[in-house]
Every structure is written in C-alpha cells, then in structure tokens.
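Below is one structure, written out as structure tokens; the observations come after it.
What follows is calculated from the coordinates using simple rules that are stated; it is not laboratory data. Predicted model only: the values in this text are computed from it and were never measured. Glycine gets a Cβ as well: all are built from the backbone with ideal geometry, and neighbour counts include every protein chain shown.
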Amino acid sequence: MSTNPLELWTWRNCKEVVKSLPGRLGFPAGDKLEFLGLELDLKNGSIKDSLTGGTVNVNQREGRRTVNTIFYALSAYSESPEKIPTGKLISSKQFRGTQFTKRDTLGERDRITQSFEDPAKLETAATALRGSKVEFPYGDIAVNLNLLPFIPLTIVLAVDDGEFPGDARLFYDETVENYLDAEQTYFLTSLTVSRLIQSAGEL
C-alpha cells in the first residue's frame with residue numbers, strides 16, 4: 001500500500017474500518033455518517049456537502065484535502081475505545097507529544113479572528129454545522145460543535161475593540177486524545193475552521 005497520504009487516506013483503503021462506525025462511537029446506525037455538514041455515503045464513499053448541496057470533488061485540490069482528512073480522522077476514530085467527554089477543557093498545548101510535532105492551532109485561530117469580526121456571524125456559521133452558542137467566562141462569544149460525535153470543540157472569540165487585538169482560542173475535551181493524536185486533531189480542526197468559513201460565505 002502506498003505511504004503517500006494522498007493515496008493512503010482514501011475510501012478504497014479505509015472503507016472497511018470506516019464501515020464499522022454506524023451504531024458506534026456516537027454515530028447512529030445506518031448507511032451514512034454525518035458530521036461538519038458533510039455526509040459520507042457508506043455504499044460508495046461519496047461525500048455530500050450540505051452547504052453547497054453538491055458532492056465533494058476529489059479531482060480538485062481542496063476536495064482532495066477534505067477527503068484525505070476525513071478518512072485520516074475516521075480511521076483513527078473507528079479503532080478507538082468509547083470514552084464519553086468529561087466536560088474538562090484543554091488546549092492543544094496540553095496534548096501529549098506536542099513537543100515532537102510542529103502542528104499547532106495558531107494558524108487556525110488567526111483564520112477565525114480574520115474571518116469573524118462579527119461574533120453573530122460565527123454563531124450562525126456554527127449553527128449551520130449543528131453547533132451552538134455556549135456560555136464562557138471570557139470573550140465576546142463562544143460556540144461549541146463536534147468535530148466527530150465524541151470530540152467536541154469550543155471556540156472562544158474576542159473581537160478587536162480598538163484597545164486589544166482580536167483573538168480566538170480553541171479548547172477540546174480532555175478525552176480527545178483517546179480518539180486522535182495531535183496531528184490528526186490538527187488536520188480535523190483545520191477542516192472544521194474551513195467549514196465554518198465556508199458556512200459563513202454561504203449565509
């Protein structure tokens with residue numbers, strides 16, 4: 001089997017483990033997996049985008065990246081033991097082994113800050129991906145949405161007020177590392193931020 005990620009994380013190579021997910025790890029039984037406004041058809045591996053109403057095109061660079069990320073994350077998720085989120089939040093800096101990887105969420109935080117100068121826009125974009133506004137001790141707004149059923153992400157946004165620059169913080173449930181390692185979490189987070197920005201553009 002090829003070790004090239006573009007060839008490795010595909011429906012053809014991952015379908016057997018991914019097909020084990022319905023009825024497990026928070027996914028309902030059925031022939032589809034839904035998350036982040038995407039619908040994976042377990043009959044043929046096609047992925048429908050609820051934001052556009054079309055199918056993710058694997059022949060385009062962005063579509064290929066989306067597909068690779070999905071199968072990369074789902075493959076790891078499918079082989080994890082079930083662990084219900086505890087509600088205790090951690091940042092990516094607290095992940096085990098982060099000192100051994102260059103992956104962090106600073107770039108994704110910057111993308112959120114630049115794309116959502118209006119807090120209400122972030123709430124609406126998150127709602128379109130089945131997320132919701134939540135209370136948080138600081139920031140102008142906080143939203144929560146699931147990367148995958150048992151992997152919640154909390155985004156806290158503070159907008160530029162003329163005195164302090166805008167800032168976004170990302171928090172995961174402490175159980176995230178039960179399902180994904182730091183790199184897998186990074187790629188899935190990056191996809192989630194892209195989906196939020198796309199959602200805002202479709203509003």
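Things to note:
- The number of residues in region 116-155 being in a strand (DSSP E or B) and within 15 Å of the chain's Cα centre (by Cα) comes to 12.
- Of all residues in region 158-173 being of a type in the set (Asp, Glu) and not in a strand (DSSP E or B), the one that is surrounded by the most Cβ atoms within 10 Å (Cβ to Cβ): ASP160
- Residue list for region 15-74, filter: among the hydroxyl-bearing types (Ser, Thr, Tyr), outside any loop (DSSP other than H, G, I, E, B) and surrounded by fewer than 14 Cβ atoms within 10 Å (Cβ to Cβ): THR55
- Sole residue being under 15 Å from ASN13 (Cα atoms) and of a type outside the set (Gly, Ala, Ser), chosen from VAL56, VAL67: VAL67
- Given (1) closer than 16 Å to LEU188 by Cα; (2) surrounded by fewer than 19 Cβ atoms within 10 Å (Cβ to Cβ), number of the condition LYS83 does not satisfy: (1)
- If you go through region 75-100 and pick out every residue that is of a type in the set (S, T, N, Q), out of contact with any helix residue (DSSP H, G or I) (no Cβ under 7 Å at 6 or more places or on another chain) and assigned to a helix (DSSP H, G or I), you end up with 2.
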